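Values in this text are rule-based calculations from the coordinates and carry no lab data. Quick caveat: nothing in here was measured; it's all calculated off a predicted structure. Every residue, glycine among them, receives a Cβ derived from its backbone with ideal geometry; neighbour counts consider all protein chains shown.
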Amino acid sequence: MVICSDGAEQSKPAVSGNYAAWLDLRNGSTNKDIFGYNFSEPNEVPICIAAGNQDTPALSGNLAVWCDFRNGNNDIYGFYLPATGVSANSIQGGEIAICTAAASQDFPAVSGNIVVWRDKRNDNNDIYGVDITGLPGSSDFPICTHTTNQTTPSISGNIVVWIDNRNGENDIYGYNMATQTEFPICTDAGGQYNARIDGNIVVWMDDRNGNPDIYGIDITTLPGGSAFAICLDGVVQSNPAISGHHVVWEDQRGGGYDIYGYDLASHSEFAVVTAAGDQKQPAINGRRIVWQDSANNGDICTVLIPEPVVLTLLTPNGGELFRAGGACAVSWQSSGPLEEVKIEYSSNAGGDWSTLEAGIANNGQWLWQPLPDIDSSQCRVRISDPLNPAAADQSDDNFIIFQCLATLTADLNGDCRVDLADLVLFAGQWLDCGNPYDPDWCN
């Protein structure tokens, strides 16, 4: 889905909640602006069209921040986006001047009320931040002022991460604002770039293998935890972004730039968009991905990661007893787009599976009748998506399908027990004759 195809170049998209934002050149390359898109309405909205250049927007909820050159050097400004349309700022009555200190501030990032950025006030690149709930009046605070260069911060909650050159090459460091503690995240050989964080997971572009790959780490494993590979395809992967358990990046395995993704929960890679031309600069929030597309000089496009199919088998779930030839109610719950389900059973604890229904309506229940003529204490049922067998669930434990003892000859109604019901049948047919040709034959 294209959300902006103005004809001029749009780039550097960001996304959070109901909004996307991007750098927009429709008013000229010397008057760069910030535009956005409200997915809930939906419609395009101007976020900042002030004189001078605006650049590198970032979003957190309804707060947009960006780098702004209106004062003759790079400052950080922001704006609270209302739920519908763009009108006066609901808190400050307009744009917020977040940092207008001397020298240059750029590359802003935001999480909740905390905005961080790269800052040159000390004649080298440092990382600063501010809690905007105290503006105007509150002071910004240093996060890292090491004498070497720090750049491109990213923030999630209390954790700020950035690229750091203190060891002679690009590494990744972090800072916990709650404990006021700095810590190394990745100092492996080779350069690390474009670090992004969401929750406890940091992802980045990594040169350790001689070409750019995508790596990540769970910071709760630090110190001592190791980085893990997300994509080692052998060509250039770059500009990663993360939200929850989804990571997306630029990928050149097809020759041009495409967008690929990885599900950290299922450990599975997926293609987001591999259309003709170049797709670059992905950003992600929840299931929504936005990117710059080379069509029409640079459009902004979006797609939703399909909602995963989740199946939960309710019955039979283990411990039940069923008679061969009888019936069993199979029931389940599901979420995600799923029209049909496949139902199978096993008589050897899942060693082998036999299909009961290759595809029936996903209505949450199905009557299995008659049950097979088997005798097994290791029976299980499995339910799955016919188009995606990995989306499946089975009985948590074994249940029993049993055959009635052949010696139970007095079981007249076939319910595998001898009781009054059988006596009623016996009494009702007392002295009846079963010869249809000669009723007196039995006398």
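Hey, fewest Cβ within 10 Å first, where do R26, R196 land in order? Let's see the in-between values first.
Working: R26 16, R196 25.
Fewest-to-most ranking of R26, R196: R26, R196.
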Residue exposure sequence - D263, D126 - by fewest surrounding Cβ within 10 Å: D263, D126
Dipole of the chain, positive end: most advanced residue of A406, Y37, G254 [Cβ charges, Cα centre]: Y37
Farthest toward positive dipole pole in the chain [+1 Lys/Arg, -1 Asp/Glu at C-beta], among G224, C442, C144: C144
The chain, dipole about Cα centre (Lys/Arg Cβ +1, Asp/Glu Cβ -1), debye to the nearest 20: 1320
Loop-located GluC sites (Glu not before Pro) in the range 249-356 whose Cβ has at most 12 other Cβ within 10 Å (DSSP): E339
Correct option for P(r) over Cα pairs in 10 Å bins from 0, in percent [calculated from the coordinates] among [x] 4, 19, 29, 25, 13, 7, 3, 1, 0; [y] 4, 19, 25, 22, 14, 9, 5, 2, 0, 0; [z] 4, 17, 21, 18, 12, 9, 6, 5, 4, 2, 1, 0: [z]
Area projected by the alpha carbon convex hull of the range 310-402, averaged over all directions, nm²: 5.1
Alpha carbon centroid spacing (whole Å) that separates the range 314-379 from the range 60-82: 57
The range 2-304: relative contact order in percent, alpha carbon pairs under 8 Å with at least 6 residues between: 13
Farthest positive-ward along the chain dipole, Cα basis, beta-carbon charges - from G17, V116, S266: V116
Euclidean distance of C-alpha centroids, the range 393-407 and the range 265-298, integer Å: 49
Selected from A329, A102, A271 as most flexible by GNM, with the chain as the system and alpha-carbon contacts under 10 Å: A329
Ranking of H246, H267, H146 by count of other Cβ atoms within 10 Å, fewest first: H267, H146, H246
Helical mean residue ellipticity (222 nm; -39500 (n - 2.57) per DSSP H run of 4+; nearest 500) of the chain: -500 deg cm²/dmol
For the range 154-223 and the range 29-56, distance of Cα centres in Å: 30
³J(HN,Hα) computed for each position of the range 345-351 - Karplus, 6.51 cos²θ - 1.76 cosθ + 1.60, integer Hz, glycine/proline x: 9, 10, 10, 9, 6, x, x
FRET efficiency, 1/(1 + (r/R0)^6) with R0 45 Å, evaluated for F228 and D415 via beta carbons: 0.20
By average C-beta atoms within 10 angstrom, highest first, the peptides 228-235, 18-25, 57-64: 18-25, 57-64, 228-235
